[in-house]
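Below: one structure, written as structure tokens.
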Amino acid sequence: LPSKYKRLQPALSALAQHYRHNEKIAYYAALCDMSEVGFRRLFREYTGASPVEYRNALRLQEARARLHSGEYNVSETAEAVGFTNLSFFIRLYKKKYGYTPKKE
């Protein structure tokens, strides 16, 4: 990480390891010893996404891998990666990949 963004490392690590959890943004800001506003600004500057968008992207990546394996159906996959609302998961998946998860 460039030195300007080193403060984000605890949050980036936590998101990568625990993307299934629905922690509040304040939790990640506290990990970085930052205010929530400052954290959101620096996070978006570094990643190009909000913390929630970033977490959802991690979830969608894992969901796609699970669906490709053929071991999980769509609802099992959505739940396993941390989405509690199936229709929201399907909508995000289609927006990111251009087709519904059922097509995997």
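The values are calculated or read from the model by the stated rules, or taken from the named source; none is laboratory data. Since this is a predicted model, take the numbers as computed values, not measurements. Reconstructed Cβ throughout: ideal geometry from the backbone, glycine too, with neighbour counts over all protein chains shown. Remember, those area values only see protein heavy atoms, side chains included, never the ligands or the DNA or RNA. Shrake-Rupley method; radii C 1.70, N 1.55, O 1.52, S 1.80 Å.
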Test: residue in segment 62-73 that is over 10 Å from the mean Cα position of the chain (by Cα), charged (D, E, K, R) and either crowded, with 16+ Cβ neighbours inside 10 Å or at pLDDT 95 or above (or both): yes
Listing of helices (runs of 4 or more DSSP H) fully contained in segment 1-65 that carry 3 or more residues being in contact with a Ser or Thr (Cβ under 8 Å, 6 or more places away or on another chain): 36-47
Flag if Lys102 is at pLDDT below 95 and either among the acidic types (Asp, Glu) or not in a loop (DSSP other than H, G, I, E, B) (or both): yes
Arg59 vs. criteria in contact (Cβ under 8 Å) with a residue 40 or more places away in the chain and surrounded by fewer than 16 Cβ atoms within 10 Å (Cβ to Cβ): no
Residues that are in contact (Cβ under 8 Å) with a residue 24 or more places away in the chain and open to solvent by 80 Å² or more (accessible area, probe 1.4 Å), drawn from segment 5-17: Arg7
